[in-house]
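**Q** Dumping the structure here so I can ask a few things about it.
The values are calculated or read from the model by the stated rules, or taken from the named source; none is laboratory data. This one's a predicted model, so the numbers in the text were calculated from it and none came from an experiment. Glycine gets a Cβ as well: all are built from the backbone with ideal geometry, and neighbour counts include every protein chain shown.
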Ligand SMILES: [Zn+2]
């Protein structure tokens with residue numbers, strides 16, 4: 001558990017907003033290289049590590065986790081040095097104003113704050129509303145546009161929240177971009193666990209780009225790979241907090257990894273039930289906790305199942321509260337149990353396993 005937590009916190013330090021994933025690409029290549037037979041990255045940005053299996057008839061499996069995180073991007077700089085910005089992905093609008101941000105320039109990071117109108121002059125109507133993103137602005141302390149430009153900030157500079165992860169009670173962690181550092185920590189840990197086991201199946205460990213802006217990396221990630229089945233590892237929204245209940249969200253933090261039936265809300269997507277039942281069977285046989293319901297929001301499994309001739313894919317996720325805010329809360333126990341579940345499941349795959357639906 002300590003090494004898993006250490007790895008997770010290491011990954012939380014790497015800033016990689018959607019479309020600007022280079023730091024995480026490098027980190028994942030570095031982590032997977034000692035664990036895999038082959039590791040490479042594509043010009044599109046996806047990272048692929050391969051552990052070759054001992055039996056070519058055993059199904060070849062891909063584990064995918066996304067390397068990007070929700071963030072923001074500089075849209076404009078006004079003459080007084082205030083910076084207008086837009087979202088990269090779906091950050092919660094109510095958790096933007098009054099927070100610190102970090103602008104990731106080529107000259108290095110610059111810290112700023114998202115300004116907010118003083119309460120003294122806010123009307124009662126304004127006080128209960130969140131302004132649209134185009135009315136928000138970042139203050140880096142600059143006196144004019146030239147000073148902002150001098151720091152290396154320009155239109156298109158990516159931005160992330162600036163805060164430190166914290167450990168809460170019950171082995172819970174609160175952090176920005178836990179989504180999807182938990183997924184990356186999972187695939188790296190499974191790769192470590194399986195490294196010297198000589199299992200029948202070939203395993204592809206994939207870090208994808210741009211999940212948060214439309215599953216873009218996953219759409220092309222397995223195009224060149226000989227993959228029979230895939231599991232996407234991600235976070236999912238959890239309920240059971242005072243303003244969310246079981247009527248709206250099924251999953252609860254700390255009750256085990258989430259094995260989704262599919263997704264609801266917006267478009268409906270159904271994952272591979274063959275793979276979901278396989279993972280549930282392994283969890284039951286191993287005495288590992290799990291939850292299985294419908295999730296809100298898409299993930300890489302939904303893109304992968306539409307690639308090539310249709311690759312059976314499901315999702316294994318870590319439930320977390322306060323999705324896409326700077327304080328996503330998750331349970332380290334859930335994360336640890338997910339690494340155990342996937343390690344056991346993949347080690348047990350052999351030529352007798354069928355992805356057939358009937
Ligand atoms: Zn995610």
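**Q** Of 3, 58, 18, 54, which residue is crowded, with 24+ Cβ neighbours inside 10 Å and out of contact with any helix residue (DSSP H, G or I) (no Cβ under 6 Å at 6 or more places or on another chain)?
**A** Every option except 18 fails the conditions.
**Q** Quick check: anything in segment 96-110 at pLDDT 95 or above and within 16 Å of the ligand (Cβ to nearest atom)?
**A** No, segment 96-110 has no match at all.
**Q** If you don't mind, another one. Quick check on segment 38-51: of everything there that is within 22 Å of the chain's Cα centre (by Cα) and farther than 15 Å from residue 222 by Cβ, which residue is surrounded by the fewest Cβ atoms within 10 Å (Cβ to Cβ)?
**A** 43
**Q** Check off (1) surrounded by fewer than 17 Cβ atoms within 10 Å (Cβ to Cβ); (2) under 26 Å from residue 58 (Cβ atoms); (3) within 16 Å of the ligand (Cβ to nearest atom) for residue 277 and give me the number that stays unchecked.
**A** (3)
**Q** Could you pull out the residue among 164, 154 that is in a loop (DSSP other than H, G, I, E, B) and under 30 Å from residue 7 (Cα atoms)?
**A** 164
**Q** If you don't mind, another one. Output the residue which, of all residues in segment 220-241 that are at pLDDT below 90 and assigned to a loop (DSSP other than H, G, I, E, B), is farthest from the ligand (Cβ to nearest atom).
**A** Checked segment 220-241; the qualifying residue farthest from the ligand (Cβ to nearest atom) is 240.
**Q** I would also like to ask the following. Going through segment 167-191 one residue at a time, which ones are crowded, with 23+ Cβ neighbours inside 10 Å and in a loop (DSSP other than H, G, I, E, B)?
**A** If the condition is that a residue be crowded, with 23+ Cβ neighbours inside 10 Å and in a loop (DSSP other than H, G, I, E, B), then 176, 177 are the ones that fit.
**Q** Could you please find all residues in segment 274-321 being free of Cβ contacts under 8 Å to residues at least 40 places away in the same chain and either over 22 Å from residue 356 (Cβ atoms) or not assigned by TED's automatic domain parsing to the domain that holds residue 246 (or both)?
**A** Across segment 274-321, the qualifying residue is only 287.
**Q** What number of residues in segment 197-219 are assigned to a loop (DSSP other than H, G, I, E, B) and within 14 Å of the ligand (Cβ to nearest atom)?
**A** Matching residues across segment 197-219 total 9.
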